[in-house]
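A.B. asks: Have a look at the structure that comes next, please.
Every read-out reported here was derived from the displayed coordinates using simple, explicitly stated rules and does not represent laboratory data. None of these values were measured; they are calculated from a predicted model. Note that each Cβ is placed from the backbone with ideal geometry, even for glycine, and that neighbours are counted across all protein chains shown.
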Amino acid sequence: MSKFWSPFVKDLVPYVPGEQPKLSRLVKLNTNENPYGPSPRAIEAMQAAIGDELRLYPDPNGERLKQAVADYYGVSAAQVFVGNGSDEVLAHAFHGLFQHGRPLLFPDVTYSFYPVYCGLYGIDYQTVALDEQFQIEVDDYRRPNGGIIFPNPNAPTGRLLPLEAIERLLAANPDSVVLVDEAYVDFGGQSAIALVDRYPNLLVTQTLSKSRSLAGLRVGLAVGHPELIEALERIKNSFNSYPLDRIALAGAAAAFEDRAYFEQTCRRVIDSREALVASLAALGFEVLPSAANFVFARHAAHDAAQLAARLREQGVIVRHFRQPRIEQFLRITIGAPEQNQALLDALGAALA
Ligand SMILES: *Cc1c(COP(=O)(O)O)cnc(C)c1O
């Protein structure tokens with residue numbers, strides 16, 4: 001702490017991202033990256049964007065990317081916002097849509113960035129407990145609130161809330177924004193973007209970091225009623241007019257246009273997940289039903305922190321959260337088949 005800091009900085013509790021190890025030999029199953037590379041068409045578009053034109057500022061409105069997203073989802077470009085990773089899009093949503101003096105509601109077990117943004121923007125919040133099976137119970141959100149946010153599928157549980165339940169939540173909360181964070185929806189969910197034309201209080205965010213394998217590029221988006229999008233644009237244009245550079249805009253648009261590659265790689269991840277779930281169950285793990293590119297699993301006879309440490313000794317990294325209710329779980333990203341096999345081999349040794 002320094003006398004030069006603005007006073008509120010001393011109370012900030014920043015987000016702690018999963019480890020990005022310097023050693024490349026590790027089997028890295030801790031931050032839900034995609035084992036398959038980005039679309040070759042996206043790589044080509046990014047390579048083409050590297051040249052003399054980099055002396056020029058990018059399109060501040062990211063119009064071509066917004067149109068690619070709009071075309072993909074059958075919405076209008078005025079319903080689309082783009083930002084530097086969905087974490088930035090979420091930050092703008094917290095800032096521009098959740099500061100109403102009533103508490104924001106989110107699950108007790110969820111993405112740990114939400115309380116961080118509440119701290120940053122001075123938003124009061126209440127957590128709502130997941131049920132015994134770690135599912136969101138939408139009727140528990142019937143209480144005064146200044147907004148509701150949750151990932152679907154939820155993180156780190158992987159559990160999916162069906163669209164009918166989301167629709168009930170939207171109908172029960174017509175006076176607050178319901179933000180559905182769809183970072184993992186492409187691995188087994190149905191997007192709530194299908195509901196945006198009917199619910200002006202719905203904002204859906206997505207990222208190109210997971211299903212489109214571009215975590216290193218930093219691109220995220222939101223889809224919702226043009227009035228919600230307008231709030232995000234106002235915040236963005238009061239903060240950074242050019243959050244996406246020319247390379248990111250070109251790569252992200254091309255990634256959205258290459259549907260065949262996207263569908264094929266998502267399918268491979270889903271197939272690997274189903275195989276991994278069966279193998280983990282055979283090793284004695286309880287695995288929560290997952291619609292994401294990770295699984296959340298606990299072993300009846302082995303401590304999760306110890307297992308994570310033993311895996312690490314064998315060069316396999318997974319995520320463990322020291323947090324009430326979930327301290328006996330491991331969150332394991334779905335890797336390529338050989339990575340998943342390396343995990344199973346290391347687990348076999350760790351359990352022996
Ligand atoms: C990964 C993730 C994000 C952030 O994605 P970026 O676009 O890489 O910032 C947002 N929400 C959840 C639930 C995530 O898991």
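A.B. asks: What is the order of K3, K236, fewest Cβ neighbours within 10 Å to most?
C.D. replies: Lowest to highest Cβ neighbour count: K3, K236.
A.B. asks: Evaluate E = 1/(1 + (r/R0)^6) for A309 and K3, where r is the Cβ-Cβ distance and R0 equals 41 Å; express this FRET efficiency to the nearest 0.05. If you can, show how the numbers build up before the last one.
C.D. replies: Working: r = 41 Å, r/R0 = 0.99.
Between A309 and K3 the formula returns 0.50.
A.B. asks: A further question on this structure: With the Cα gyration tensor of the range 71-193 in hand, give its eigenvalues times 5 under a square root as the equivalent ellipsoid semi-axes, listed largest first in whole angstrom.
C.D. replies: 20, 19, 15
A.B. asks: Report the equivalent ellipsoid semi-axes for the range 81-128 in whole Å, largest first, defined as the square roots of five times the eigenvalues of the gyration tensor built from alpha carbon atoms.
C.D. replies: Values: eigenvalues 63, 35, 14 Å².
After diagonalising the Cα gyration tensor, the semi-axes are 18, 13, 8 Å.
A.B. asks: How large is log10 of I(q)/I(0) for the range 281-352 at q = 0.15, 0.16, 0.22 Å⁻¹ when the intensity is taken from the Debye formula with one equal scatterer per alpha-carbon?
C.D. replies: Each listed q maps to, in turn, -0.44, -0.50, -1.01.
A.B. asks: Still on this structure: Please report the antiparallel percentage of the DSSP beta bridges confined to the chain, to the nearest 5.
C.D. replies: Expressed as a percentage, antiparallel bridges in the chain total about 55.
A.B. asks: Right, next: Rounded to whole Å and ordered largest first, report the semi-axes of the equivalent ellipsoid of the range 210-352 derived from its Cα gyration tensor (root of 5λ).
C.D. replies: Over the Cα atoms of the range 210-352, the ellipsoid semi-axes are 36, 19, 14 Å.
A.B. asks: Something else about it: Report, by chain and number, residues whose modeled amide H sits under 5 Å from the one on F150, excluding near sequence neighbours (fewer than 5 apart, same chain).
C.D. replies: L179, D181
A.B. asks: Mean Kyte-Doolittle of at least -1.0 plus a Cα span of 24 Å or more along the axis: flag which DSSP H helices in the chain meet both, please.
C.D. replies: Counting only whole DSSP H runs, the qualifying helices are 259-282.
A.B. asks: Restricting things to alpha carbons, tell me how big the range 157-215 is in terms of Rg and Dmax, in Å.
C.D. replies: Expressed in Å, the Cα Rg and Dmax of the range 157-215 come to 12.0, 36.
A.B. asks: A follow-up question, please. Neighbouring Cβ atoms within 10 Å as the yardstick, rank R25, R64, R267, R331 fewest first. Mind dumping the intermediate values first?
C.D. replies: On the way: R25 7, R64 15, R267 11, R331 26.
By the 10 Å Cβ count, ascending: R25, R267, R64, R331.
A.B. asks: Moving on. Could you give me the percent of Cα pairs per 5 Å distance bin for the range 1-92, shortest bin first, beginning at zero and ending with the bin that holds the maximum distance?
C.D. replies: 2, 8, 10, 14, 16, 16, 14, 11, 7, 2, 0
A.B. asks: Same structure again: How large is the Kirkwood hydrodynamic radius of the range 40-258, in angstrom, based on all distinct alpha carbon pairs?
C.D. replies: It works out to 17.6 Å.
A.B. asks: Taking square-rooted eigenvalues a ≥ b ≥ c of the alpha carbon gyration tensor, is the range 128-276 rounded, prolate or oblate, where a/c under 1.5 means rounded and, failing that, a/b exceeding b/c means prolate?
C.D. replies: In terms of gyration-tensor shape, oblate.
A.B. asks: Continuing with this model, one more query. FRET efficiency for Y57 and A336, Cβ-Cβ distance as r, R0 = 45 Å, nearest 0.05?
C.D. replies: For R0 = 45 Å, the calculated efficiency reads 0.75.
A.B. asks: By how many nm would the segment from R259 to D245 grow when fully extended, if each residue of separation counts as 0.36 nm and the alpha-carbon distance is taken off?
C.D. replies: Residue separation times 0.36 nm, minus the Cα-Cα distance, leaves 2.8 nm.
A.B. asks: Right, something else. What is the distance in Å between the Cα centroid of the range 46-119 and that of the range 133-180?
C.D. replies: 20 Å
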